[in-house]
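A.B. asks: I have a structure here, written as structure tokens, and I will follow up with some questions on it.
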Amino acid sequence: MTSSAQSHVLTQVTDLCRTILDKGAPNIEPGMSLTRDLGFDSMQLMQFFAGIETHYPAIVLEDWFIAHYAGARDTVGSVADYVASALHQVAAE
């Protein structure tokens, strides 16, 4: 996947985070944890997963989240990388 495509995915992930936060949207950086830095609760995580699945129907984030939750590795950038990688795999099939 090209860097412009990865950048597009990161922009969509960041915009989704802003929409879910619905509070003046802080400056969201790729290294921010969804749960620790942005403070997503369980309902917001469900909204986030559903939003990603709406934009990218072939992508399911639950396994990503289980693998990345510990140690605040559930970052905006890591989910964007995961989605971009998954899209690349789907396109290659």
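The values are calculated or read from the model by the stated rules, or taken from the named source; none is laboratory data. Just so we're clear, the structure is a prediction, and the values are computed from it rather than from any experiment. Cβ sites come from the backbone with ideal geometry, for glycine too, and all protein chains shown count toward neighbours.
A.B. asks: Which condition number in (1) free of Cβ contacts under 8 Å to residues at least 40 places away in the same chain; (2) surrounded by fewer than 18 Cβ atoms within 10 Å (Cβ to Cβ); (3) assigned to a helix (DSSP H, G or I) is the one that SER85 fails?
C.D. replies: (1)
A.B. asks: Then there is this: Which one is modelled with the highest pLDDT among residues in the stretch 1-29 that are in a loop (DSSP other than H, G, I, E, B) and touching a Leu at 6+ places or on another chain (Cβ under 9 Å)?
C.D. replies: ILE28
A.B. asks: Also, quick follow-up: Any idea which residue in the stretch 61-82 is farthest from LEU16 (Cα to Cα), counting only those that are at pLDDT 90 or above and not in a helix (DSSP H, G or I)?
C.D. replies: ARG73
A.B. asks: Right, another one. Please go through the stretch 32-58 and give me each residue that is aliphatic (A, V, I, L, M) and either without any contact (Cβ under 8 Å) to a residue 12 or more places away in the chain or over 16 Å from ARG18 (Cβ atoms) (or both), ordered by number.
C.D. replies: The answer is MET43, MET46, ALA50, ALA58.
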